Amino acid sequence: PLSRMEELGCEIGNHSFDHADLATLSAEDVTSQLSRTDEEIQNLVGHSATVVRPPYGSFNDTVAGIAARPLIMWSVDTLDWETQNADSTVQNVMDNAQDGAIILMHDIFETSVTAALACVDRLMAQGYYFVTVEELFALRGEVPQEGGVYLSLPPKT
C-alpha cells in the first residue's frame, strides 16, 4: 500500500512504529518510534516521511523537537473510528469542511473508506479539491516549520 501511495503522489507521513502515545514516552523511545518508521518508509519508497502526525494528537516539546518536521494535526475529526458509520462520517465532514481544512479519517474501517469516497465526490462537486500537506503550504505561501503544529491552514488572503 505504501508504494501505491507513492505512485499516486500522496505525501507520506510518520505516525510512529507502534501507534504509541508519544507524549508519554522518553526521548529515547520517541526517537525509536519515529526512526524505525522512517527506516521502513525509506526502505519501501526511497525517502523518509516529510511530516509527522502523532497518534491521538498527543505531543509535547520533546516530541516536536525529535520529530524535526511539521506536526500535522487536523481541523475536522470525523470520529470515524468511533462511530464506524459511513453516513455520520460523511455528515460530519460536510458540516465542518472548509478551505484549508485537514480532515482526519482512518482507512482501517470499510465504513471510513466508503465515507471518504463519498466525501471526495461531494466536496469536489462543491468546488473543493484535494492536495497534499506540502501542496497546501505552497498554495498558502507558507513554509512549514520543524516542530510546528498545524491543524489547518487559513485561506490565502
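The values are calculated or read from the model by the stated rules, or taken from the named source; none is laboratory data. The shown structure was predicted, so the numbers you read here are calculated from the model rather than taken from an experiment. Using ideal geometry, Cβ is built from the backbone for each residue, glycine included, and neighbour counts are taken over all protein chains shown. Heavy atoms of the whole protein, side chains included, go into the accessibility calculation; ligands, DNA and RNA do not. Shrake-Rupley method; radii C 1.70, N 1.55, O 1.52, S 1.80 Å.
Here the extension length gained between Asp121 and Phe17 equals 34.2 nm, from 0.36 nm per residue of separation less the Cα-Cα distance. For Tyr128, Tyr56, the ranking by accessible surface with the largest value first comes to Tyr56, Tyr128, using a 1.4 Å probe. With all pairs of different C-alpha atoms in the average, the Kirkwood value for the hydrodynamic radius of the chain is 16.5 Å.
Taking all protein chains together, Val45, Val149 sort by accessible area into Val149, Val45, largest first [probe 1.4 Å]. With K and R counted +1 and D and E -1, the other residues having a Cβ less than 12 Å from that of Val113 yield a net charge of -3. Helix 110-125 and the long axis of the chain differ in direction by around 60°, with both axes built from C-alpha atoms.
Ile103 sits with roughly 60 Å² accessible to a 1.4 Å probe, with DNA, RNA and ligands left out of the calculation. How large a share of the accessible area of the stretch 22-148, in percent, is made up of carbon and sulfur atoms when the probe is 1.4 Å and the other protein chains stay in place? That fraction is 50 percent.
Computed from the C-beta positions of Ser3 and Tyr56, the FRET efficiency with R₀ = 25 Å rounds to 0.40.
Rounded to the nearest 0.05, what FRET efficiency do Asp87 and Thr24 give with R0 = 41 Å and r taken as the Cβ-Cβ distance? Could you check? Before the final figure, lay out each step's value.
Details: r = 35 Å, r/R0 = 0.84.
So, using R0 = 41 Å, E works out to roughly 0.75.
Computing FRET efficiency as 1/(1 + (r/R0)^6) for Glu39 and Gln98, where r is the C-beta to C-beta distance and R0 is 25 Å, gives about 0.10.
What whole number of Å gives the distance from the Cα centroid of the stretch 105-147 to the Cα centroid of the stretch 22-69? Using only Cα atoms, the two centres lie 21 Å from each other. Placing pseudo-labels 7 Å out from each Cα toward the beta carbon at Thr114 and Gln145 gives an inter-label distance of 4.3 nm. In this structure the amide hydrogen of Ile12, modeled in the peptide plane, comes within under 5 Å of the amide hydrogens of Thr50, none closer than 5 places in sequence on its chain. For the chain, what proportion of DSSP beta bridges, expressed in % and rounded to the nearest 5, is antiparallel? Counting only bridges with both partners in the chain, antiparallel ones make up about 10 percent.
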